[in-house]
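Undergrad: Have a look at the structure that comes next, please.
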Amino acid sequence: MTDTRIRLLQEEDWDDVVALEERAYAASGLSEGREALRSRHRASPSTCFVLEHAGGFGGYLLALPYPRFHCPDLSRVEEGVVRESHRESNLHTHDLVVAERARGQGLGPRMLRHLEETGRAARYLSLSLVAVRGSEMLWTPLGYRSRPEVGLPASYGAEAVYMAKPLPLVDDPAPGSTSRAEVS
């Protein structure tokens, strides 16, 4: 995979990001549109990435600090930058999409590992996401646990579920260390 790299999302990536997001979500009514997607990036540009694969656009990952047990509303743009009180607490994986031509090669998990490394370096305590369209079964083996008691905005649909996992530091004595956030 020497022809694969993950880098920060840049201005010239937006047409590819929006096109891929529409292909992934429009049919299910979950597509957000360019302005909402851009607002997630503006909230935290250091945690939004693009996957370059085989000489082209291979996917993207948008993540931003968000209070534990909360998530962005798909029908709204983010207002301003993320408040400092949310930094170094929970890093929310808002969207991860791998291009059709790059699927089945382990690139989604590779992007998640990159996000985890970024989160650890910034000393976040936990990671969260909203599983949509039955994807909960994909996230569970990666350490995410369902939190069905967490209410979600209606924009995600009735079957969506909030999921979270602790993000232990590399130097923590164990993944269950009491010095980190409890999310399960």
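The values are calculated or read from the model by the stated rules, or taken from the named source; none is laboratory data. None of these values were measured; they are calculated from a predicted model. Here Cβ is always computed from backbone atoms with ideal geometry, including for glycine, and neighbour counts include all displayed protein chains. Protein only, heavy atoms only, side chains kept; ligands, DNA and RNA dropped before computing areas. Shrake-Rupley method; radii C 1.70, N 1.55, O 1.52, S 1.80 Å.
Undergrad: Could you tell me which residue of the range 151-184 is surrounded by the fewest Cβ atoms within 10 Å (Cβ to Cβ), considering only residues that are among the hydroxyl-bearing types (Ser, Thr, Tyr) and modelled with pLDDT of 50 or more?
TA: Ser155
Undergrad: What about Glu35, is it over 18 Å from the mean Cα position of the chain (by Cα) and at pLDDT 95 or above?
TA: It is false that Glu35 is over 18 Å from the mean Cα position of the chain (by Cα) and at pLDDT 95 or above.
Undergrad: Can you pull out every residue in the range 112-149 that is modelled with pLDDT of 95 or more, open to solvent by less than 20 Å² (accessible area, probe 1.4 Å), of a type outside the set (S, T, N, Q) and over 21 Å from Gly59 (Cα atoms)?
TA: Tyr144
Undergrad: Related question: Please find, among Ser75, Ser128, Ser155, Ser89, the residue that is small (Gly, Ala, Ser) and in contact with a helix residue (DSSP H, G or I) (Cβ under 6 Å, 6 or more places away or on another chain).
TA: Of Ser75, Ser128, Ser155, Ser89, the one residue that is small (Gly, Ala, Ser) and in contact with a helix residue (DSSP H, G or I) (Cβ under 6 Å, 6 or more places away or on another chain) is Ser75.
Undergrad: Could you grab me the full set of residues in the range 27-69 that are under 15 Å from Ala99 (Cα atoms) and either free of Cβ contacts under 8 Å to residues at least 60 places away in the same chain or β-branched (Val, Ile, Thr) (or both)?
TA: Matches in the range 27-69: Val50, Glu52, His53, Ala54, Gly55, Gly56, Phe57, Gly58, Gly59, Tyr60, Leu61, Leu62.
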